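Notes follow the structure.
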Amino acid sequence: MHRGTGPDAQGLKTRNIAPTAAARAVFTWPVRVYYEDTDLGGVVYHANYLKFLERARTEWLRHLGFEQDEMRERLGIQFVVVGMRLDFHRPARFNDELAVSVKVTDIKRASLIFNQTIHAVSAGNALVCSADVRAACVECMTIKPQPLPREIVAELA
């Protein structure tokens with residue numbers, strides 16, 4: 001299902017694409033909190049949540065059949081985070097088992113919008129962190145926005 005008008009560089013007649021039910025499905029990736037992830041108090045250092053979110057998005061792409069190094073080499077594109085809103089709900093601690101989710105909430109011509117959560121499975125599945133993330137598709141050398149590759153659009157829409 002397409003919304004918007006005007007062909008883009010790949011001939012797609014869309015600016016925004018409504019994600020299919022499959023694309024809207026939640027993907028979850030397990031993460032264990034290691035000692036190196038924590039601060040002096042044994043609590044996950046705030047910047048490390050970004051790493052957990054990034055890993056889950058990478059594994060989500062891999063799950064869909066897209067390796068980032070191959071996209072870079074074959075298509076000359078990469079994804080870069082251009083915006084993020086992050087909320088911390090409770091601390092994760094050393095040795096916690098976490099479930100990091102990825103859900104596509106919007107597909108634009110040159111970017112994907114994700115809702116991501118981190119739950120502490122070992123603490124009754126308590127919500128630890130939530131984030132809204134915008135990742136832009138850019139040309140590797142110039143870092144200028146590029147339309148999403150047809151393969152990814154086809155997989156998601």
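The numbers here are math on the coordinates, done by the rules we state, and not lab data. Since we're looking at a predicted model, the values are computed, not measured. Please note: Cβ atoms are built from the backbone with ideal geometry, for glycine as well, and neighbour counts cover all protein chains shown.
For a label point 7 angstrom out from the Cα of LEU50 toward its Cβ, which stretches of segment 122-140 have the backbone nitrogen within less than 17 Å? Under cut-off, by backbone N: 129-136. Applying 1/(1 + (r/R0)^6) with r as the Cβ-Cβ distance of ALA154 and TYR35 and R0 = 41 angstrom yields a FRET efficiency of 0.45.
Charge tally around ALA131: other residues with Cβ under 9 Å, Lys/Arg +1 each, Asp/Glu -1 each, net -1. Taking the Cα centre of segment 2-156 as reference, the dipole from Cβ charges on Lys and Arg (+1) and Asp and Glu (-1) amounts to some 620 debye.
Could you list ILE143, ILE107 in order of exposure, starting from the residue whose Cβ has the fewest other Cβ atoms within 10 Å? Don't skip to the answer; put the middle values down first.
On the way: ILE143 11, ILE107 21.
So the residues, fewest neighbours to most, are ILE143, ILE107.
Ranking PRO149, SER130, THR117 by Cα position along the charge dipole of segment 95-157, where only Lys, Arg, Asp and Glu carry charges on their C-beta atoms, puts PRO149 farthest toward the positive end.
With coordinates expressed along the principal axes, the C-alpha atoms belonging to segment 58-154 extend over 42, 24, 23 Å, beginning with the largest. Spin-label pair ALA25-HIS89: with each label point 7 Å from Cα along the Cα-Cβ axis, the two points sit 2.3 nm from one another.
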